[in-house]
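Written below as structure tokens is the structure these notes are about.
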Amino acid sequence: MAGTWIFVEQRDGNIRKVTFEMLSEAKKFGDEVSAVVFGKGVEGLAPEFAKYGADKVYVADADVFKDYNTGAYVAQMVAMINEYSPNAVLFAHTFNGRDFASRLAQKLEAGLATDAIAAEISAGKGVFTRAIYAGKALSKVEVTSSPVFGTIRAGVWEVVEGAGAGEVVKPAIAATDADVYQILKDFTPTVSARPDLTEADVVVSGGRGCKGPEGIKMVEDLADLLGGAVGGSRASIDSGWLGHELQVGQTGKVVNPNLYIACGISGAIQHLAGMSSSKFIAAVNTDTEAPIFNVSDFGVVADMFKVVPILLEELKK
Amino acid sequence: MKVLVCVKQTFDTEAKIELKDGKISEAGINLIINPYDEVAVEGGIQLKEKKIADEVVVVAAGSDKAMDAIRTALAMGADRGILVKQDSAADEYARAVALAAVIKEENPELVLAGHVAADDGSSQVPTRVAEILGFPHVNVITNLELADGKAVCTSEADGGTQVTEVSLPAVVSSQVSWNEPRYPSMKGIMQAKKKPVSTVDAVAAENKVAIVEVGLPPAKTAGIKLEEEPDVAAVKLADWMKNTVKVEVK
Ligand SMILES: Cc1cc2nc3c(=O)[nH]c(=O)nc-3n(C[C@H](O)[C@H](O)[C@H](O)COP(=O)(O)OP(=O)(O)OC[C@H]3O[C@@H](n4cnc5c(N)ncnc54)[C@H](O)[C@@H]3O)c2cc1C
Ligand SMILES: Nc1ncnc2c1ncn2[C@@H]1O[C@H](COP(=O)(O)O)[C@@H](O)[C@H]1O
């Protein structure tokens, strides 16, 4: 059996960090680890995966794979699974990754564990830990069909460099234009000089306590000083201070940074669902009873309009 | 055209989770329509108001309790409901098989769903349903335009906004920012009581995943909390960020 496959999440050759996180963790399963990349003109990416331990890199390079599309990608993956029999195939729990994995799993009438925060895979057996009920419970599930399929939350695993052979394998192309049933009309990247929320090492978020653009500006200045991303609670998104794509929480993004700083956020359970697994959490809030302090490693009970400007100066020192 | 909406009954998002006999206890929990599905129901009703849809059918798989989710959707303005009776232990695969069987029978041109269930949601069911039916699926939509047998969907993708076109029939799963679901009116609630709801048994399907264990996350140890003058606190916070978190300042 052909070990663990990590499906590479990329757009126009830009690889999402979660791919490297999965490669790094998969090395611990003690089995062969391969990166699987679909796209157009993507063969040159192969050494990137070898750097994080990929023993093999399966490259399916064809026009039909240029942009992610469910039909062609599923057709190709089904053919490759039949040809090479991997033990497990892991995907990123992203917009495209969960679509791909769910459709593939159903096509093969197989099980799938999505949005996993931990995985134990050995000898074709796969057990995944999932955070359910907005992170208020943890469920361990075993995928009983084969190969084992899972999608992994970004940011839960460390990226570790480790040289792999990175032997390039070129599978037969099994998809044609006839497999494409979605037309990608447009993709407008979010214009931001800041890192993506789900990939950032530092996330600074602002809530209703920011009171308006002036408070949000402080949050942005702090994020920029730390090379971080900006996020927000639903209150600040609904107020129009920040774009929808920046909402953190149950109905927004789940983030897992090294440091999360909540400014003027009460810490409603739906907000905590999106950030409570961050490694370090700091909060600035005027209300000593705010629930955000229950999950904070470092809480400051004070007015953010007084604290954040001094914090910026101190950090610059 | 006929629009079908998949609605799941879930725990209220405020619910406190407790375990009983190794399972999540339902005792004392307020059950609601999954918030994303509420948005899908609203989307369906708006299509009817715009005379694009002529019937909105809601389908829920689960126990008798799921009937409340159907009634809520009917009170909002959906026309008819179907309860697919299924054991709560059914996994995503088994649920998709059961829902798809009913949807096939109904033969709608558009299937709406939420993109994830707020309880133990997997973000799988609508995609699986689409695969079984051989329909395209578009996920996490914030806008939907229907014309000439096609659906043009705007989605919140990673790193940007995506516009995708698919032919109908299709499955489309909603993000909450698509619309603002209405509250059922008194009149709506009264009318809902008279709207037809049928009950069918789920087709049998074997689970493909097994729950090994359910637990609660480890309790977080209390952190530092400073109630000092802002300037003093800010300096200590900066120290902690530099020395404990080891942030890099650009
Ligand atoms: C189904 C559902 C899904 C939801 N999904 C999400 C979600 O994904 N994400 C999300 O965030 N919310 C979500 N919510 C909303 C959530 O319940 C809260 O309403 C929201 O998170 C509150 O935002 P907030 O903390 O900014 O505002 P508030 O709760 O109003 O808190 C503002 C805080 O700012 C503090 N403050 C005021 N002035 C200052 C100052 N000068 N300095 C410092 N602190 C100050 C106050 O003490 C207060 O604690 C959801 C709700 C529902 C019902
Ligand atoms: N038991 C169910 N009955 C009806 N619809 C469901 C059920 N389970 C999931 N769905 C639909 O699938 C969506 C995503 O659920 P999930 O894949 O479980 O996260 C939900 O928002 C519903 O629209």
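The values are calculated or read from the model by the stated rules, or taken from the named source; none is laboratory data. Here the structure is a predicted model, which means the values were calculated and not measured. Here the Cβ is made from the backbone with ideal geometry for all residues, glycine too, and neighbour counts use every protein chain on show. Ligands, DNA and RNA are excluded from the accessible area calculation, which covers all protein heavy atoms including side chains. Shrake-Rupley method; radii C 1.70, N 1.55, O 1.52, S 1.80 Å.
Let me confirm one metric for peptide B:197-203, namely the mean number of other chain beta-carbon atoms within 10 Å of its residues' beta-carbons.
What the average comes to for B:197-203 is 0.
Write down Rg/Rh for chain B, rounded to two decimals, with Rg from the C-alpha atoms and Rh from the Kirkwood relation over Cα pairs.
1.08
If ligands, DNA and RNA are left out, what is the accessible area of B:Glu131 with a 1.4 Å probe, given in Å² to the nearest 10?
For B:Glu131, the solvent-accessible surface is approximately 30 Å².
Against the 2.2 N^0.38 Å scaling, with N counting residues, where does the range A:72-131 land? I'd like the Cα-based Rg ratio to two decimal places.
Cα Rg divided by the expected 2.2 N^0.38 Å: 1.11.
Would you mind giving the total buried accessible surface between chains B and A, with a 1.4 Å probe and ligands, DNA and RNA left out, rounded to the nearest 100 Å²?
Buried area between the two chains comes out at roughly 7100 Å².
Kirkwood Rh, Cα Rg: Rg to Rh for the range A:202-316?
0.91
What is chain B's relative contact order, in percent, from Cα pairs under 8 angstrom and six or more apart in sequence?
23 percent
So which GluC sites (Glu not before Pro) in the range B:161-234 are both in a DSSP loop and have at most 13 other Cβ atoms within 10 Å of their Cβ?
Of the GluC sites (Glu not before Pro), the ones in loops of the range B:161-234 whose Cβ has at most 13 other Cβ atoms within 10 Å are B:Glu206, B:Glu227, B:Glu228.
The range A:134-161: which residues show an accessible-area loss of 40 Å² or more, assembly versus chain alone, 1.4 Å probe?
Buried by the other chains: A:Lys136, A:Leu138, A:Lys140, A:Glu142, A:Thr144.
Amide H to amide H, which residues 5 or more places from B:Leu226 or on other chains are under 5 Å from it, using H placed in the peptide plane?
Residues meeting the amide H criterion: A:Gly299, A:Val300, A:Val301.
Once phi is turned into θ = phi - 60°, what whole-Hz ³J(HN,Hα) does the Karplus curve with 6.51, -1.76 and 1.60 give for every residue of the range A:186-201, x standing for Gly and Pro?
6, 9, 10, x, 5, 7, 7, 7, 8, x, 4, 3, 7, 10, 6, 6
Would you mind giving the mean number of other chain beta-carbons within 10 Å of the Cβ of each residue in A:206-214, as a whole number?
0
Give me, ordered by chain and number, the residues 5 or more places off A:Ala116 or on other chains with an amide H under 5 Å from its own placed amide H.
The answer is A:Thr151, A:Ile152, A:Arg153.
Sort A:His244, B:His137, A:His93 from largest to smallest accessible area, using a 1.4 Å probe on the heavy atoms of the protein chains.
A:His244, A:His93, B:His137
Compute from the Cα atoms of chain A the Rg and the Dmax, the latter being the longest Cα-Cα distance, and quote both in angstrom.
Rg and Dmax of chain A, Cα atoms, are 21.0, 63 Å.
Please report, as a whole percent, how much of the solvent-accessible surface of the protein assembly as shown comes from carbon and sulfur atoms (probe radius 1.4 Å).
With neighbouring chains kept in place, the figure for the protein assembly as shown is 49 percent.
Determine the shielding of peptide B:210-217 by partner chains: average, over its residues, the number of Cβ atoms on other chains within 10 angstrom of each Cβ.
6
Two-decimal Rg/Rh of the range B:116-191 from alpha-carbon positions, Kirkwood Rh?
Looking at the range B:116-191, the ratio lands at 1.04.
What is the sum of charges around B:Lys208, taking Lys and Arg as +1, Asp and Glu as -1, for the other residues whose C-beta is under 13 Å from the C-beta of B:Lys208?
Once all neighbours under 13 Å are counted, the net charge is -2.
Roughly how far apart, in whole Å, are the Cα centres of the range B:77-96 and the range A:171-203?
For the range B:77-96 versus the range A:171-203, the Cα centre distance is 32 Å.
Send over a whole-number figure in Å² for the accessible area per residue of the protein assembly as shown, probe 1.4 Å.
That works out to 40 Å² for each residue.
I'd like the FRET efficiency for B:Ser198 and B:Val232, computed as 1/(1 + (r/R0)^6) with the beta carbon distance as r and R0 of 60 Å, rounded to 0.05.
Once the sixth-power term is evaluated, E becomes 0.35.
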